[in-house]
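Down below is the structure, laid out as structure tokens.
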Amino acid sequence: MKHLLDPTSEAQPAQRQMLPRPQSLAGKRVALLDISKPRGDVFLDQLEAKLGSLGVATLRYSKPTFARVAPAELRQRITSECDLVIEALAD
Amino acid sequence: MSAIPADFSGFIVIVKRDCETCQLIVPVLQQLAATADCLVYSQDDPAFPPGLPAVRDDRELEVSYRLDIEIVPTIIRADAGVEVERLFGWNRDEWRALSNNPGLGAGLAAFSPGCGSKSVDPGLPENLAYKFGDTRLSARRIEVAPLQDEHELAFERGWSDGLPVVPPTEDRVLRMLAGTTRAPEEIVGVIPPDFASCSVEKVAINAVMAGCKPAYLPVVLAAVEAACLDEFCMHGVLATTYFAAPIVIVNGPIAREIGMNSAHNVLGQGNRANATIGRALQLVIRNVGGGKPGGVDRATLGQPGKIGFCFAEREQDSYWESLSVERGFSPDQSTVTLFAGGGVHAVGDQKSREPESLTRSLAAMLRGLHHSKLYGGPDALLVISPEHMRVFREARWSKARFREALAQELVIDSGRILAGKGGIAEGMPERAAGGHISKFREGGLQIVHAGGGAGMWSAAILGWAASGAKGSVPVTVSVKS
């Protein structure tokens, strides 16, 4: 029997599961993450106003550069301070 | 496992029928067998040599492999299961001394050279190493069913960039690994986007698939190492909607040793090393890192160099110091530089004979890269052809002098390129008004010499929109054996 050697990492992650959607935003804190692309702030300003009018608490964050993944420190801060995240891609 | 039986004292002889010297010494073997303990192994025919009490069958070549036989006949003297001495070929005096038998081979020629052992026939050492379990390979083995086409299997499993790959069989991978002294299990880097640890073995598997020769492996390993450096930002280069991909530029002696092209059609097809080294890096990113178009690779248009883009600088007759020397390496060091770049843009100037004129031509094209109204964005890699280089050489312009003159031509009054100017919404933001601005960031223009001897064409390769500290900077690493 002929064999080939596997060129992959052999560690293909199992399909990532979506977290359960929250039933309501009541009492939740929402992170608004700007990835530092142009006009991301415009989009997040609108969301912040809309969520604010519904009485939902928000916190603003931004990545240092859109070209790189978010630093671990930023990810940990968002995780510890908020319940969910809305990320603005923009352009 | 030793091929010499424990406690065996006597002689072990490896022969094959298809060797004139082995046939010549048949009487010698008969003499030896009559007076001492002898184990005679035949590589091709257990009926040869005739007239012995026993001949052991080594057509599987296991004993030959384990005893590391390169020439037949080989005679080994063993004492209590341990090799004491060995000879190969026929040399009457030496055989007599080794066997302590002064009458051995009387009447035979004093000397006859041996033949190559069957165990070192081309391709066999790797097969034998695999067969007898001495490899250190740890990659998962994928079974190819008897009626399955191995090329189609590679496509079906998603291993291919769209072109056929060389099936990565164990023996091919072992031959590839012979191209480096590094251990198969050594980790070269962590490959984005999955951040998977990548061993020398995994690089070798992908290099086989790309079509590399073993001699290219050190260059591929250096390229993978460079792509894993944080400042190169391979994750972003892959994930961007822009055109960028890792472009591999090779400097130093290894480029000549492995036959890389730095001359005619240097950025094109046709040279195995150029074509397959760049492809091997991309296959590592695809297969080990998991970076695929439509997945994390989000390029809007991409460009043909994303199959692989690799070339060597034409150093031998360059008037200027090479890219690697500019970047702090010595000319006799072999290096790999990665530049996150896109497509090739032509500069045709057949009239300039003065360096000032040619510099202005090159600058005019460079100013238009990406967008003529956007400055301080992507880096660029300028490829100066030999005929354009001649203009600078004849005027005795050093690379530094050219850089200085070019930099002056690449500065613009920012008021001319503000957003909205010239009826074009794109442009520099209002805050850039009232000053001068350079097309490239400091250190953002790389310059190499390459191409065929005829043609007053040079080329610029566009960098990534996110160049510099916020994205990718070019990186250079030395090539290890």
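The values are calculated or read from the model by the stated rules, or taken from the named source; none is laboratory data. Note that the structure is predicted; figures quoted are calculated from it, not measured. Reconstructed Cβ throughout: ideal geometry from the backbone, glycine too, with neighbour counts over all protein chains shown.
Residues considered: A:L59, A:L84, A:L25, A:L89. Of these, the only one that is hydrophobic (A, V, I, L, M, F, W, C), within 14 Å of chain B (Cβ to nearest Cβ) and farther than 30 Å from B:N127 by Cβ is A:L89. Considering only residues of region B:89-144 that are polar (S, T, N, Q) and in contact (Cβ under 8 Å) with a residue 60 or more places away in the chain, which is surrounded by the fewest Cβ atoms within 10 Å (Cβ to Cβ)? That would be B:S138.
Yes/no per residue for (1) exposed (fewer than 14 other Cβ atoms within 10 Å of the Cβ); (2) in contact with a Pro (Cβ under 9 Å, 6 or more places away or on another chain):
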| site | (1), (2) |
| --- | --- |
| B:K399 | no, no |
| B:I417 | no, no |
| B:I424 | yes, no |
| B:E442 | yes, no |
| B:H449 | no, yes |
| B:G452 | no, yes |
| B:M456 | no, no |
| B:I461 | no, no |
| B:V475 | no, no |
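When the test is whether a residue is assigned to a loop (DSSP other than H, G, I, E, B), within 12 Å of chain B (Cβ to nearest Cβ) and loosely packed, with under 13 Cβ neighbours inside 10 Å, A:A67 does not pass it. One residue stands out among those in region B:282-301 that are of a type in the set (A, V, I, L, M, F, W, C) and in contact with a helix residue (DSSP H, G or I) (Cβ under 9 Å, 6 or more places away or on another chain): the one that is surrounded by the fewest Cβ atoms within 10 Å (Cβ to Cβ), which is B:V296. Go through the residues of region B:33-41 one by one and say whether even a single one is surrounded by 15 or more Cβ atoms within 10 Å (Cβ to Cβ), closer than 18 Å to B:L108 by Cα, out of contact with any Lys or Arg (no Cβ under 7 Å at 6 or more places or on another chain) and hydrophobic (A, V, I, L, M, F, W, C). Yes, the conditions are met somewhere in region B:33-41.
Within region B:183-195, one or more residues are farther than 25 Å from B:T476 by Cβ and within 13 Å of chain A (Cβ to nearest Cβ). For region A:3-46, a residue qualifies if it is surrounded by fewer than 15 Cβ atoms within 10 Å (Cβ to Cβ), under 30 Å from B:V173 (Cα atoms) and either touching a helix residue (DSSP H, G or I) at 6+ places or on another chain (Cβ under 8 Å) or at pLDDT below 85 (or both), and the qualifying residues are A:A11, A:Q12, A:P13, A:A14.
The number of residues in region B:236-262 that are in contact (Cβ under 8 Å) with a residue 60 or more places away in the chain and either crowded, with 17+ Cβ neighbours inside 10 Å or not assigned by TED's automatic domain parsing to the domain that holds B:V344 (or both) comes to 17. Step by step: first the residues of region B:262-293, then only those that are in a helix (DSSP H, G or I) and among the aliphatic types (A, V, I, L, M), then the one that is nearest to B:A210 (Cα to Cα). Which residue is that? Result: B:A280. Within region B:222-264, being at positive phi and within 14 Å of another protein chain (Cβ to nearest Cβ) holds for one residue alone: B:C233. Right, B:V173: within 8 Å of chain A (Cβ to nearest Cβ), farther than 28 Å from B:D230 by Cβ and either part of a strand (DSSP E or B) or not hydroxyl-bearing (S, T, Y) (or both) or not? For B:V173, the condition - within 8 Å of chain A (Cβ to nearest Cβ), farther than 28 Å from B:D230 by Cβ and either part of a strand (DSSP E or B) or not hydroxyl-bearing (S, T, Y) (or both) - is met. Taken together, the criteria exclude B:G434 from residues that are more than 46 Å from the chain's Cα centre (by Cα), exposed (fewer than 15 other Cβ atoms within 10 Å of the Cβ), at positive phi and modelled with pLDDT of 95 or more. Against the numbered list (1) under 30 Å from B:G377 (Cα atoms); (2) more than 14 Å from every other protein chain (Cβ to nearest Cβ), A:P38 comes up short only at (2). Against the list (1) closer than 19 Å to B:P192 by Cα; (2) out of contact with any strand residue (DSSP E or B) (no Cβ under 8 Å at 6 or more places or on another chain), the condition A:A67 fails is (2).
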